[in-house]
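Data block below; observations after.
The values are calculated or read from the model by the stated rules, or taken from the named source; none is laboratory data. All figures in this text were calculated on a predicted structure; none of them were measured in a lab. Don't worry about glycine lacking a Cβ; one is built from the backbone with ideal geometry, like all the others, and counts go over all protein chains shown. Just the protein is used for accessible areas: all its heavy atoms, side chains included, with ligands, DNA and RNA removed. Shrake-Rupley method; radii C 1.70, N 1.55, O 1.52, S 1.80 Å.
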Amino acid sequence: MTTTLLRLATPADLSAINDIYSYSVLYSTATYQSEPSTDAERLAWFTAHGAAHPVTVAEIDGQVVGWGSLSPYHPRAAFRHTVEESVYIHHDFHRRGLGRTILLDLLARARAIGHHRVIAAISGDQEPSLALHRALGFTNAGRLNEVGFKFGRWLDLVYLEYRI
Ligand SMILES: CC(C)(COP(=O)(O)OP(=O)(O)OC[C@H]1O[C@@H](n2cnc3c(N)ncnc32)[C@H](O)[C@@H]1OP(=O)(O)O)[C@@H](O)C(=O)NCCC(=O)NCCS
C-alpha cells in the first residue's frame with residue numbers, strides 16, 4: 001500500500017517541482033509560460049514565498065509527485081489578504097486524488113494564516129482543473145476572452161474565487 005505524505009517544500013524539492021511544472025510549460029495550456037524556468041528562477045520563486053505563502057509537496061515512496069502554492073495575488077498593499085493558488089501533479093499520477101488533497105490542504109492553510117480570498121486563474125480549456133476547483137467550492141469570478149496565445153490558438157482565462 002502506498003502512503004501519500006503531504007508537507008511543506010524545502011529547497012531539496014525544487015528540482016522535482018520544476019520538472020513537474022516544466023511538463024505543463026512544454027505540453028499544456030495549464031500555464032501560459034512557454035519556456036521552462038531555470039534552477040535559479042525556481043529558487044528565487046521559492047525564496048520569495050514566506051510563511052504566509054506556503055509551498056507544499058505530495059510525496060509517494062520518497063518521490064515528489066505533486067506540489068501546490070499560495071502566492072501573493074498582487075503586490076499592492078490592499079490586496080494582501082488575497083492569494084493566488086497553484087497545484088500541479090506529475091502527469092503519471094493524475095486522477096488519484098492528489099490534486100484534491102493538495103488543494104484542500106492549501107485552503108486549510110489559507111484559512112489558518114488568515115487569508116480572505118483564494119484566486120485561481122485557469123485556462124478556459126483546462127477542464128480537469130476547472131472541475132477540481134469547482135468541486136472544492138470555487139465559484140466563477142470572471143472570464144477574459146482570448147488573452148492567451150499558445151500552441152497556435154487563442155485562450156480564455158477563467159477566474160475562480162474561494163471565499164474563506
Ligand atoms: C488539475 C490537476 C491538478 C488535477 O489533479 P488530479 O490529482 O489529477 O485530480 P484528483 O484526482 O484529485 O481529482 C479531484 C477532482 O477533480 C476533478 N477532475 C480531476 N481530473 C479530471 C478530469 N481529467 N476530468 C474531469 N474532472 C477531473 C474531478 O472532480 C475529481 O474528482 P473525482 O475523481 O471524484 O471525479 C491535474 O490534472 C494537473 O496537475 N493538471 C496540470 C496542471 C494544472 O492544470 N494545474 C492547475 C493550474 S492552477
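Points worth noting:
- Multiplying the residue separation of Tyr27 and Ala52 by 0.36 nm and subtracting their alpha-carbon distance yields 5.9 nm.
- For region 4-163: accessible area per residue (Å², 1.4 Å): 54
- Taking 0.36 nm per residue of separation and subtracting the Cα-Cα distance, full extension of the segment from Arg117 to Asp61 would add 16.8 nm.
- By the helix-only formula, in which each DSSP H run with n ≥ 4 contributes -39500 (n - 2.57) and the sum is divided by residues, the chain has a 222 nm mean residue ellipticity of -9000 deg cm²/dmol.
- Estimated FRET transfer efficiency (Asp19, Ala78; beta-carbon r; R0 30 Å; 0.05): 0.25
- If the chain linking Ala44 and Thr10 were pulled fully straight, counting 0.36 nm for each residue of separation and taking away their Cα-Cα distance, it would gain 11.0 nm.
- Axial C-alpha extent at least 15 Å, average Kyte-Doolittle at least 0.5 - helices from the chain (DSSP): 14-27, 98-113
- Gaussian network model of the chain, Cα within-10 Å springs - most flexible of Gly50, Gly152, Gly99: Gly152
- Here the chain is assigned +1 on the Cβ of each Lys and Arg and -1 on the Cβ of each Asp and Glu. Its dipole about the Cα centre then comes out at about 640 debye.
- Along the axis of the charge dipole computed for the chain (Cβ charges of +1 for Lys and Arg, -1 for Asp and Glu, origin at the Cα centre), the listed residues Leu144, Ala112, Ser34 are led at the positive end by Ala112.
- Here the chain yields Rg over Rh of 0.94, to two decimals, using C-alpha coordinates and the Kirkwood radius.
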